[in-house]
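Here's the structure we're looking at; comments come further down.
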Amino acid sequence: MYPTISEVLRLEPLRVGRPSVVAGAGGLNNRVRWVHVVEVPEVAQLLSGGELVLTTGVAMPKDDDGLAAYIDQLAEIGIAGLVIELVRRWTDRLPPALIAAADRRDLPVITLAEETRYVAVTEAIAGMISEAQVAELRAAEQIHETFTALTVAGAEPAEVLREVVAACGRPVVLETLGHDVLAYDTAGESASELLANWAERSKAVTVDERTGWDEDAGWLVTVVGARRNDWGRLVLMCPEEPNHRLIVLIERAASALAVHRLAARERESLERHAHRTLLSELVSSPVAPTDLAARANALGVPLQHRRLVGVSVRPRTLTPPGRRPAMAMATQEVLRDLAEATVLAARRTRVDALVGVVDDTDVTVLLSLPLQADVDTVLSRLSSSIHRASAAAAQPMPVVIGVGTAVEEISQARRSLLEAGQVARAVPVQPNPSGESKGFHRLHDVRLRGLLHLLADDERVVAFTERELGPLLARDEARGSRLVDTLKHYCVHGGNKSAAAAAAHLSRTAYYQQLARIEQVLGVSLDDPESVLSLYVALLAREIRQSR
């Protein structure tokens, strides 16, 4: 906003005095905030920094030490430069002590060989500063107008960053508070150079205020978000100290980005609420509301003359819904993120869907497909996209996807949704021993586990489990052994003792000894298929009850 010493020296009122830079040439880029005539030796109380001081030298100290102290005093105040007229005190050159002190402090000293009208100089510099300030204010006003328009239009981050580059021609990067790059614009430079070792470089740059400049890195940084809810930083490459216009530019861009995120989240929140309301009504009542099809159609999800498929997306690891508010809030936050990831996946695969968090265990989805659609192909693409989106979410998580039977009537959609939920809850929390993980699961995939999931709370199943495993559980509790785990490995691996021993991280000899002890405690033979089947059913029933 302010002119430099070099720019000021080109003004006509100074040029007529034949100016000459005799010391501190390295400071010619100093900005001149104001101009002041000083003819007293004690200047500290008259100046505040950034001034170009004009003097004839008549009141300056007479000895070398005094001159050096005078220069040091001006440098400490932070003046932009010193102009001395060589007419009254000195006529041909300045004392070497003064020049040496100015060079040491890198303070520009300019001599004028001719008598100069200082009033004309002050008027010219004041006019120059005023013009620069007006231009800066106009530029700031233009920036405000531009980014206000972008904010109102709901501009995406890429558009906001593009406007920043258009305004200043410098690369800009939007990052998370964890220093992951969300978006950037290279301003025509190399992206690989701009982003090389970004996280490491960014961690080294901290600012005390919401907006700050790091001289070593050459970064102008501002925090993005609302106070106490910040989520990122906007970084503008700025090798030199930023002027007011650049600070206004980056702060207005950050505001536009923050508003866009808030608006997007609010928009998605309202949409999720509307979807959840429809899904809750479908699941809670055997008879669908008469206006449900019209309401869904208004949300862009037609349900009539379509193939409807219930889907349940469940995290493999989810904070159990408990009574503590903190745990419940954590669960809801995970499910909200998973719902957004599911919506993103549906949009990417161009599938119409109602998506909402109906309970505290999973994300409920009702797909609406054209009658001629290949359901398996659509589910394969959608499930792959959901797995990718959930892995890239704010809280990455593996998920289980349960799918219900495809139906063609809204009245049957409830059955498909309930089936999907049952399947998702019946799938083992851990993948199968082979390491294979299916993209989605149907009723026929969960088989016995699915049946036990439906019957797990039945008193007869609970009593059966106690009869089959009771002595083994009591033995483990009393002696601190892990015979139940040993039995589980044996059953999961279909009686293959070598594979079960490897899974249990035991030698075969030690594992065989534990199997013999199980037979002794339970009074059964593990070579009897029916006994092994009964024990496995009991183990599955117990595992399902514990997972609820």
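Per-structure values
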read-out	value
Positions within the stretch 207-221 being assigned to a loop (DSSP other than H, G, I, E, B) and either in contact with a strand residue (DSSP E or B) (Cβ under 8 Å, 6 or more places away or on another chain) or touching a residue at least 40 places away in the same chain (Cβ under 8 Å) (or both), in sequence order	Val207, Arg210, Gly218
Neighbours by Cβ (under 8 Å, 6+ apart or cross-chain): first from the stretch 491-509, in the same structural domain as Ser531 (by TED's automatic domain parsing); second surrounded by fewer than 17 Cβ atoms within 10 Å (Cβ to Cβ) and polar (S, T, N, Q)	Ala501/Ser507; Arg508/Ser498
Filter pass, Ser269 being modelled with pLDDT under 90, surrounded by fewer than 13 Cβ atoms within 10 Å (Cβ to Cβ), out of contact with any strand residue (DSSP E or B) (no Cβ under 9 Å at 6 or more places or on another chain) and outside the structural domain of Ala167 (by TED's automatic domain parsing)	yes
Verdict on Asp528 being surrounded by 15 or more Cβ atoms within 10 Å (Cβ to Cβ) and free of Cβ contacts under 8 Å to residues at least 12 places away in the same chain	no
Residue count for the stretch 23-61, restricted to those that are in a loop (DSSP other than H, G, I, E, B), within 47 Å of the chain's Cα centre (by Cα), closer than 20 Å to Ile99 by Cα and hydrophobic (A, V, I, L, M, F, W, C)	1
Output for the stretch 489-502, where each listed residue is over 16 Å from Asp527 (Cα atoms) and buried (at least 18 other Cβ atoms within 10 Å of the Cβ)	Ala501
Residue among Asp352, Asp362 that alone is closer than 21 Å to Arg336 by Cα, surrounded by fewer than 20 Cβ atoms within 10 Å (Cβ to Cβ) and either modelled with pLDDT of 90 or more or not polar (S, T, N, Q) (or both)	Asp352
Selected residue [among the aliphatic types (A, V, I, L, M) and either outside the structural domain of Val309 (by TED's automatic domain parsing) or at pLDDT 90 or above (or both)] from Leu338, Leu369	Leu369
Residue in the stretch 381-399 that is farthest from the chain's Cα centre (by Cα), counting only those that are modelled with pLDDT of 75 or more and not hydrophobic (A, V, I, L, M, F, W, C)	Arg381
The stretch 112-142, residues that are over 30 Å from Trp90 (Cβ atoms) and of a type in the set (Gly, Ala, Ser)	Ser130, Ala132, Ala135, Ala139, Ala140
Residues of the stretch 283-307 classified as surrounded by 15 or more Cβ atoms within 10 Å (Cβ to Cβ) and either touching a Gly at 6+ places or on another chain (Cβ under 9 Å) or β-branched (Val, Ile, Thr) (or both), total	2
Filter result for Thr91 (more than 21 Å from Ser48 (Cβ to Cβ) and either in contact with a strand residue (DSSP E or B) (Cβ under 9 Å, 6 or more places away or on another chain) or assigned by TED's automatic domain parsing to the domain that holds Val16 (or both))	yes
Scan of the stretch 392-421 for residues that are under 16 Å from Leu354 (Cα atoms) and of a type in the set (Val, Ile, Thr), ordered by number	Ile401, Val403, Val407, Ile410
Which numbered condition Thr377 misses (of (1) polar (S, T, N, Q); (2) at pLDDT 85 or above; (3) closer than 30 Å to Gly178 by Cα)	(3)
Given (1) within 54 Å of the chain's Cα centre (by Cα); (2) surrounded by 12 or more Cβ atoms within 10 Å (Cβ to Cβ), number of the condition Glu519 does not satisfy	(1)
Residue, surrounded by the most Cβ atoms within 10 Å (Cβ to Cβ), within the stretch 68-83, restricted to residues that are of a type outside the set (A, V, I, L, M) and out of contact with any Leu (no Cβ under 7 Å at 6 or more places or on another chain)	Tyr70
Qualifying positions in the stretch 102-118 - closer than 23 Å to Trp34 by Cβ, in a helix (DSSP H, G or I) and at pLDDT 90 or above	Ala102
Residue in the stretch 119-131 that is in a loop (DSSP other than H, G, I, E, B), modelled with pLDDT of 85 or more, farther than 30 Å from Val259 by Cβ and of a type in the set (A, V, I, L, M) present	no
Long-range neighbours under 7 Å by Cβ, at least six apart or interchain, first residue part of a loop (DSSP other than H, G, I, E, B) within the stretch 82-99, second of a type in the set (Gly, Ala, Ser)	Leu86/Ala113; Arg88/Gly57; Arg89/Gly57; Trp90/Gly57
Residue ID - surrounded by the most Cβ atoms within 10 Å (Cβ to Cβ), chosen from residues in the stretch 451-470 that are in contact with a Lys or Arg (Cβ under 9 Å, 6 or more places away or on another chain) and more than 26 Å from Val521 (Cβ to Cβ)	His453
Options Ile544, Ile518: the member that is modelled with pLDDT of 90 or more and either assigned to a helix (DSSP H, G or I) or in the same structural domain as Ala474 (by TED's automatic domain parsing) (or both)	Ile518
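Rundown of residues vs (1) over 22 Å from Ala44 (Cβ atoms); (2) hydrophobic (A, V, I, L, M, F, W, C), yes/no style:
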{"residue": "Glu76", "(1), (2)": "no, no"}
{"residue": "Val83", "(1), (2)": "no, yes"}
{"residue": "Trp90", "(1), (2)": "yes, yes"}
{"residue": "Arg93", "(1), (2)": "yes, no"}
{"residue": "Pro96", "(1), (2)": "yes, no"}
{"residue": "Glu115", "(1), (2)": "yes, no"}
{"residue": "Ala120", "(1), (2)": "yes, yes"}
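The values are calculated or read from the model by the stated rules, or taken from the named source; none is laboratory data. In this text the structure is predicted, and so the values were computed from the model without any measurement. All Cβ positions, glycine included, derive from the backbone under ideal geometry; neighbour counts span all protein chains shown.
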